[in-house]
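First the structure, in the form of structure tokens, and then the observations on it.
The values are calculated or read from the model by the stated rules, or taken from the named source; none is laboratory data. Keep in mind it's a predicted model, so treat the numbers as computed, not measured. Glycine also receives a Cβ, built like all others from the backbone with ideal geometry; neighbour counts cover every protein chain displayed.
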Amino acid sequence: MISKPLTIKVIQDEHGALSAMLHSVPLLLAKWRGRAAPPEAADFAVLRAMLFYVDEFPEKLHHPKETELLFPKLRARAPEIRDLLDKLDEDHLRGERAIRDLERALLAFEMMGEPRRAVFEQMTERYVHAYLHHMQTEEREILPLALKVLKPDDWSDLDEAFAANRDPLTGHTPDEQYRALFEKVRAALPAPVLPQQAGS
């Protein structure tokens, strides 16, 4: 049996970790709504860490490598999916703006209180839905096609680039500068979902 290219494993691992976190955000908000007291500073700190993680890792590390390395190779080997790849690239560009808008909406909720809760929750719901749909499209349509049409030289180039990804939520020991961030995010996520060796 031919082994799966490292690139595919990295992308799927990062999708899995990000999906777990994205699903956790609405659960946290629902938990807040169920309490009589308003959210506390520690609650907001956890959500800020989670949103910053999305901005710092997937937006700056994961998406650029898909857009700049994987998608061009697929355009060359499978021109019939260029429209889909263009849409996914547009999703990546929108995602950079969307995560910052969401971070600002969270700040507004923290500073202004209840009048800003509904806006933040609605933005969160739209963001999570769009992101999960984007990843599902890549898993369902892009990765299987890549396995069919890309050549060994393509995978060699991609594997070298994607091997440098060191997302701590996929099991890598976090860089010291990210350790506190990672611990906040990991503490907020369901334990069985995440690799246990990271940061331990």
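Here is the figure for segment 128-138: residues that are surrounded by fewer than 16 Cβ atoms within 10 Å (Cβ to Cβ) and not polar (S, T, N, Q) total 4.
On inspection, E125 fails the criterion of being surrounded by fewer than 18 Cβ atoms within 10 Å (Cβ to Cβ), within 14 Å of the chain's Cα centre (by Cα) and of a type in the set (D, E). Considering only residues in segment 160-183 that are hydrophobic (A, V, I, L, M, F, W, C) and within 14 Å of A49 (Cα to Cα), the one that is surrounded by the fewest Cβ atoms within 10 Å (Cβ to Cβ) turns out to be A180.
Would you please name the residue that is modelled with the lowest pLDDT, looking only at residues in segment 184-193 that are surrounded by 12 or more Cβ atoms within 10 Å (Cβ to Cβ) and in a helix (DSSP H, G or I)?
Within segment 184-193, the subset surrounded by 12 or more Cβ atoms within 10 Å (Cβ to Cβ) is 184-186, 188-189, 193.
Subsequent filtering for residues that are in a helix (DSSP H, G or I) retains 184-186, 188, 193.
Working: K184: 80, V185: 80, R186: 78, A188: 74, V193: 49.
Filtering first and then ranking leaves V193.
Restricting the first member to segment 27-51 and to residues that are without any contact (Cβ under 8 Å) to a residue 40 or more places away in the chain, and the second to residues that are part of a loop (DSSP other than H, G, I, E, B), the beta-carbon pairs closer than 9 Å and six or more apart or on different chains are L27/P190; W32/P38; W32/P39.
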